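Below is one structure, written out as structure tokens; comments come after it.
The values are calculated or read from the model by the stated rules, or taken from the named source; none is laboratory data. Note that this is a predicted model, so its numbers are computed, not measured. Note that each Cβ is placed from the backbone with ideal geometry, even for glycine, and that neighbours are counted across all protein chains shown.
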Amino acid sequence: MTGETSKKDEGGMSMTFQCPILNSTNYTIWAVKIKALFNVYGIWDALEPKGEVDTKTDTMAIAYLFQALPEQLILQVAHHTNAADIWKDLKARFVGIDKVKEARLQTLESEFETLKMKDSESLDEFTRKISQLVSQASNLGSTIENKRLVRKLLGSVPTKFIQIVAAIEQFADLNTMTFQEATERLKAYEERIKRPRKKMYMIDFYTPKQSKRNKKNSIVVNVVVIGSRIRKEEEVNFAQYEDDEPVVAAPLL
């Protein structure tokens, strides 16, 4: 929110200025803008006087200050009789708040840097944590850049995402990619690796002459499961076949 004031320049043209409205998170930048605005009007000395301030300048400074304050705060400082006392009161109220805010921002920064996705977490759960930190920082007047969010996301996921992360880093422009786009790519990959895989078998045949069992109609094979964590070897009997006949093996389910 802003309030408007106007001033005529040397040529008689009217200039309009917007007074920023003070709130619980913007005191530092608000004070900088007020100083610049009051310098334009020639009334800055009323807020930080170096000598005696005439009544007209002081009254004008109070009027402009009130335009830059919310109604509730005006009621709290209206008992002061000059602009300098109002300015000191505001500074005492909000500088302490700024220090608390700065400490909280440092805590959020530390939490952001150390945040890592656990193997047991879903991508939605992890990105929700990042979004909460971003929202908390925003409420304190700080913004985390999008490219930093993207790099944080890609650098914090478990090793199961290593293939998609490597592809994104190699082929995408991380400086222009949005956090939402990076999240969607990782989620698509996450859904893909969640799908159950059909077991495939690699069968190592022994011919009857090579068989460890010298029995008719029987051969020995090694069965190795591919695509899962199970690896085993079994002996399997097959139907009788001649040495010169091809053997066709169907997938074992």
All conditions in (1) at pLDDT 90 or above; (2) closer than 23 Å to Arg93 by Cβ are true of Val40 except (2)
Return the pairs, sorted by first residue and then second, in which the second residue is surrounded by 17 or more Cβ atoms within 10 Å (Cβ to Cβ) and not hydrophobic (A, V, I, L, M, F, W, C), the first residue lies in region 73-90 and is assigned to a loop (DSSP other than H, G, I, E, B), the beta carbons are less than 8 Å apart, and the residues are 6+ apart or on different chains.
Asn82/Asp58
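Residue-by-condition table, conditions (1) among the aliphatic types (A, V, I, L, M); (2) at pLDDT 95 or above; (3) touching a Phe, Trp or Tyr at 6+ places or on another chain (Cβ under 9 Å):
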{"position": "Val53", "(1), (2), (3)": "yes, no, no"}
{"position": "Gln67", "(1), (2), (3)": "no, no, no"}
{"position": "Asp85", "(1), (2), (3)": "no, yes, no"}
{"position": "Ala92", "(1), (2), (3)": "yes, no, no"}
{"position": "Val95", "(1), (2), (3)": "yes, no, yes"}
{"position": "Asp98", "(1), (2), (3)": "no, no, yes"}
Of (1) at pLDDT 90 or above; (2) loosely packed, with under 11 Cβ neighbours inside 10 Å; (3) of a type in the set (A, V, I, L, M, F, W, C), Met1 satisfies every one except (1)
Kindly provide the set of residues from region 47-75 that are loosely packed, with under 15 Cβ neighbours inside 10 Å, farther than 19 Å from Lys33 by Cβ and of a type outside the set (Ser, Thr, Tyr), ordered by number.
Lys50, Gly51, Glu52, Asp54, Lys56, Glu71, Gln72, Leu75
